[in-house]
Amino acid sequence: MRKLTVVFFVVFLSVTARAQSYATFGAGFDISSTLGYTDLVKQNPGYSYAAHVSYNYSAFVPISLELQRGKLSGGGDTFTLDKNLRKYENNYTALFLRVEIQLGELLDKDNTVNDLLKNWFAGFGAGGVFSQVKTNRIKPDGSHYRFPGSDQSREFIASARAGYALKFNNMFGEPTYVVSICYVHNFDIGDGLDGYNDPPSKFKNRDTDHYRQLLIGITYNFGPIQTYYRQRTYR
């Protein structure tokens, strides 16, 4: 009987369920620098700002709905900036549904290294982007050629992100504020971010439209407190 008790005690110490409390919901905002990758070679730095609400599926998996506004631009009015004098300025609005998975959801051992790694995350999202673009439409060579495309478009957009979540806990060890620093890349499926849709046979298209963000954001967690259990091995 004593041997069975010792075995049970050793097993209990090596594998046990660790509890962590977290709030169910979150809300916050973020800002970022943007840069487009479109048909035009020259691209200018821009910006974006966004608000989001989140449902925390677990302590390490937030699911968020994000409304984003931003600016992308490129080209110019000189032949140095664009040999065809094309230029665009896009003041866009985008709506994303996204999910992030932090490494803490996958790591099953508690140690110093894992504690440093657990707040790194990767995520993906999908939604729509509404582009409102100002462009140069007429080719300035006397040919009266009009660059095809649309100054307004509604298109599907997908995104991928990776970064780190810096968490600030309250007195109960629950993460109340989360500061996220991450890289985001967004892919416009419809190729309408710059307003141009020139045939490649006439004008070389540098990129299928997409843009990147260097982002910092803050989230405030609130609502009913949940308890997260995960089997962890202590070594």
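What accessible area per residue comes out for the range 26-227, rounded to a whole number of Å², with a 1.4 Å probe?
That works out to 51 Å² for each residue.
Return the aspartates and glutamates within reach of K139: Cα separation strictly under 15 angstrom, same-chain partners fewer than 8 residues apart disregarded; answer none if there are no such residues.
Those aspartates and glutamates meeting the cut-off are D77, D82, D198.
Which cross-chain or sequence-distant (5 or more) residues have an amide H under 5 Å from the amide H of D151, H modelled 1.01 Å from N in plane?
Here the answer is none, since no amide H 5 or more places off falls under 5 Å of that of D151.
What is the percent carbon and sulfur in the accessible area of the range 41-97, measuring with a 1.4 Å probe over the protein chains and ignoring ligands?
63 percent
In terms of modelled amide H atoms, which long-range or inter-chain residues lie less than 5 Å from the amide H of S21?
Y228
From the phi of every residue in the range 126-136, what ³J(HN,Hα) in whole Hz does the Karplus formula 6.51 cos²θ - 1.76 cosθ + 1.60 yield, where θ is phi - 60° and glycine or proline is x?
Once θ is set to phi - 60°, the couplings for the range 126-136 become 8, x, x, 10, 10, 9, 10, 10, 9, 9, 8 Hz.
Could you list the residues of the range 168-200 with an amide nitrogen less than 17 Å from a label point located 7 Å from the Cα of F130 in the Cα-to-C-beta direction?
192-193
Rank these residues by their accessible area, most exposed first, probe 1.4 Å: D115, D191.
The most accessible residue leads, giving D115, D191.
The values are calculated or read from the model by the stated rules, or taken from the named source; none is laboratory data. The structure presented is a predicted model; accordingly, all values stated were derived computationally and were not measured. Cβ coordinates were reconstructed from backbone atoms using ideal geometry, including for glycine residues, and neighbour counts include every protein chain displayed. For accessibility, only protein heavy atoms count, side chains too; no ligands or nucleic acids. Shrake-Rupley method; radii C 1.70, N 1.55, O 1.52, S 1.80 Å.
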